[in-house]
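Undergrad: First the structure, then my questions, so here it is.
The values are calculated or read from the model by the stated rules, or taken from the named source; none is laboratory data. For clarity, every value in this text was computed on a predicted model and none was experimentally measured. Neighbour counts run over all protein chains shown; Cβ positions are idealised from the backbone, glycine included. With ligands, DNA and RNA removed, areas are computed over all heavy atoms of the protein, side chains included. Shrake-Rupley method; radii C 1.70, N 1.55, O 1.52, S 1.80 Å.
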Amino acid sequence: MDRSQDTSIYLHEDIIYAILDYLQHDRQTLASCSLISHAWVSPSRRYLYHTITVKFQASNALAFIEFLRTCPDARSFLRALTLDGRLGHQPVIRLQENVVRTIIKEAISLRSLVLVDILLSHGSADLPAATGDSSSPSLDRLQIVNATFLNDEQYLALLDVVCACSSIDTLDLSVYIDSETQKLSSPEVYRDAMVFPAVRDLAFQLPSEISLSPLYQKIQRSALSNGSLTSISFCGLRRVIDGPTCGEVYNFCEVIINGARRTLQNLEFHAGENFYWRVDENSPVWDALDLSEHDQLQNLVLALECEDLPYAGEELTWTLRNYAHLFQHHPPPSLKCLTFKIRVPYNRDTLPYLRQYKKYLTTASYRPFWDAMDDALSRLGLGSSPQVVLEYVGPWDGLLQTRGEIEVVTQQLFPITHQKGKLRVAFSTSFPRWGY
């Protein structure tokens with residue numbers, strides 16, 4: 001062919017990718033680019049199929065699997081997939097867990113999977129034989145979020161999807177079990193053959209007061225054998241904790257957090273409401289978090305529930321007492337940054353409330369407990385300042401003066417830590433992992 005007569009414009013592949021990278025969030029333009037010429041098809045689809053959110057219903061599950069099997073570019077380029085049941089017409093999407101496992105196997109390059117409001121169940125949907133690799137896949141991220149309460153059978157089906165993977169860098173389980181729908185005795189529902197994958201970053205929402213000790217043991221064995229668990233984010237139930245639930249929080253601390261003491265580098269811990277409230281002096285709750293042997297722990301995030309002051313003042317004092325005990329008797333030896341997340345309310349009374357907030361915080365009855373905490377924090381063998389962060393999470397837009405007043409009050413609450421240059425006050429608007 002005589003190139004002198006060819007009016008087409010030929011661009012180097014690097015230039016094509018530079019253009020597509022600039023357009024990566026404009027899906028309509030990317031689709032148009034895929035029609036320019038053969039040279040643009042594959043690069044454009046690499047961006048088009050990189051991230052997909054499916055308006056998911058049980059009726060279109062087989063169609064989506066068939067799409068993956070018949071579209072090589074989708075199978076090869078799909079990296080992040082969200083199956084969102086909230087977008088469907090049905091209030092709750094119910095799906096057999098083997099459908100999700102088949103999708104994971106068919107999407108051979110999949111690195112991130114998010115399931116939102118999809119209730120999984122056991123039973124085998126009629127699916128053709130998988131065309132993907134028969135080996136267990138690995139994911140960078142698996143997140144399962146359900147606003148609907150699960151029964152324990154559905155929770156087991158969820159765990160089957162988790163255990164279908166050989167390794168997961170970040171596992172986020174934000175689901176709840178409805179205790180009223182439990183049908184099975186908890187020790188018997190975890191199959192002996194279930195092998196928990198290697199997980200690096202575990203985000204775990206306590207689902208209910210149902211005993212999960214067998215699951216905790218499997219996670220611990222996986223963490224010990226793989227040496228992979230470096231980050232944990234735990235959040236207890238956001239309701240009044242009873243005896244069984246309190247025991248589940250303690251078991252999680254004892255088995256998983258303390259079990260990962262040789263590898264754990266980052267810990268976010270919210271015990272839930274009233275975990276420390278009116279605890280007997282001889283209760284093991286005081287020593288639930290024993291961080292003295294966590295020689296790799298560098299970043300620790302704890303919750304201080306001050307939102308409902310002055311009404312929740314007694315709960316606050318018990319929490320301060322426990323934290324002071326923790327840092328006096330079980331201090332982490334290599335900690336670099338300690339952050340306390342303090343939630344403030346989002347409502348029309350926020351500003352009047354914040355005007356009184358500093359008064360609530362400095363109430364005389366709380367003072368001895370703030371002093372004990374200040375003394376414990378000031379003795380921590382931390383590195384260069386600032387290392388202790390009091391982070392207030394709330395609606396701070398337009399409240400610059402109030403922020404300044406709270407910062408001054410915080411420095412007054414921790415005078416020794418502040419004088420040593422270890423204290424910093426921060427403000428943020430959200431912390432989704434704890435529902436802030």
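Undergrad: Only one of S186, S222, S213 is open to solvent by less than 30 Å² (accessible area, probe 1.4 Å) and either at pLDDT 70 or above or among the aromatic types (F, W, Y) (or both); which?
TA: Values: S186 fails: either at pLDDT 70 or above or among the aromatic types (F, W, Y) (or both); S213 fails: open to solvent by less than 30 Å² (accessible area, probe 1.4 Å).
Of S186, S222, S213, the one residue that is open to solvent by less than 30 Å² (accessible area, probe 1.4 Å) and either at pLDDT 70 or above or among the aromatic types (F, W, Y) (or both) is S222.
Undergrad: Restricting the search to the stretch 75-93, which residues are in contact with a strand residue (DSSP E or B) (Cβ under 8 Å, 6 or more places away or on another chain) and modelled with pLDDT of 80 or more?
TA: Here is the first cut: in the stretch 75-93, the ones in contact with a strand residue (DSSP E or B) (Cβ under 8 Å, 6 or more places away or on another chain) are 78-88, 92-93.
If the condition is that a residue be in contact with a strand residue (DSSP E or B) (Cβ under 8 Å, 6 or more places away or on another chain) and modelled with pLDDT of 80 or more, then L78, R79, A80, L81, T82, L83, D84, G85 are the ones that fit.
Undergrad: Residues in the stretch 55-66 that are at pLDDT 85 or above and open to solvent by less than 70 Å² (accessible area, probe 1.4 Å): how many?
TA: Total meeting the criteria: 3.
Undergrad: In the stretch 306-332, which residue that is open to solvent by less than 30 Å² (accessible area, probe 1.4 Å) and among the hydroxyl-bearing types (S, T, Y) is modelled with the highest pLDDT?
TA: The extreme case among them is Y323.
Undergrad: With the checklist (1) outside any strand (DSSP E or B); (2) of a type in the set (A, V, I, L, M, F, W, C); (3) under 24 Å from N322 (Cβ atoms); (4) at pLDDT 80 or above in hand, flag the one item L338 doesn't pass.
TA: Single failed check for L338: (1).
Undergrad: Restricting the first residue to the stretch 333-345 and requiring it to be open to solvent by 10 Å² or more (accessible area, probe 1.4 Å), which pairs with a second residue that is assigned to a strand (DSSP E or B) meet a Cβ separation below 6 Å and a spacing of at least six or different chains?
TA: Pairs found: C337/N299; T339/V301; T339/V389; T339/E391; K341/A303; K341/E391; K341/V393; R343/V393.
Undergrad: Follow-up question, since we're still on this one. Could you identify the single residue in Y360, Y353 that is in a helix (DSSP H, G or I), modelled with pLDDT under 70 and open to solvent by 10 Å² or more (accessible area, probe 1.4 Å)? Talk me through it step by step, then tell me what you get.
TA: Working: Y360 fails: modelled with pLDDT under 70.
The conditions single out Y353.
Undergrad: Give the stretch 405-421 a look and list any residue that's in a helix (DSSP H, G or I), open to solvent by 30 Å² or more (accessible area, probe 1.4 Å) and at pLDDT 85 or above, or say none.
TA: We begin by selecting, within the stretch 405-421, every residue in a helix (DSSP H, G or I); these are 405-413, 415-419.
Next cut, open to solvent by 30 Å² or more (accessible area, probe 1.4 Å) only: 405, 407-408, 411-412, 415-416, 418-419.
Of everything in the stretch 405-421, those that are in a helix (DSSP H, G or I), open to solvent by 30 Å² or more (accessible area, probe 1.4 Å) and at pLDDT 85 or above turn out to be E407, V408, Q411, Q412, P415, I416, H418, Q419.
Undergrad: Using the structure shown, decide if E106 is buried (at least 16 other Cβ atoms within 10 Å of the Cβ) and at pLDDT 85 or above. Step through it out loud before you land on a result.
TA: Numbers: buried (at least 16 other Cβ atoms within 10 Å of the Cβ): yes; at pLDDT 85 or above: yes.
It is true that E106 is buried (at least 16 other Cβ atoms within 10 Å of the Cβ) and at pLDDT 85 or above.
Each row is one residue, and each column tells you yes or no for (1) hydrophobic (A, V, I, L, M, F, W, C); (2) at pLDDT 90 or above.
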{"residue": "L264", "(1), (2)": "yes, yes"}
{"residue": "G272", "(1), (2)": "no, no"}
{"residue": "D287", "(1), (2)": "no, no"}
{"residue": "L304", "(1), (2)": "yes, no"}
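Undergrad: What about T102, is it under 24 Å from S166 (Cβ atoms) and in a strand (DSSP E or B)?
TA: On the way: under 24 Å from S166 (Cβ atoms): yes; in a strand (DSSP E or B): no.
Considered against the rule, which asks whether it is under 24 Å from S166 (Cβ atoms) and in a strand (DSSP E or B), T102 comes out as no.
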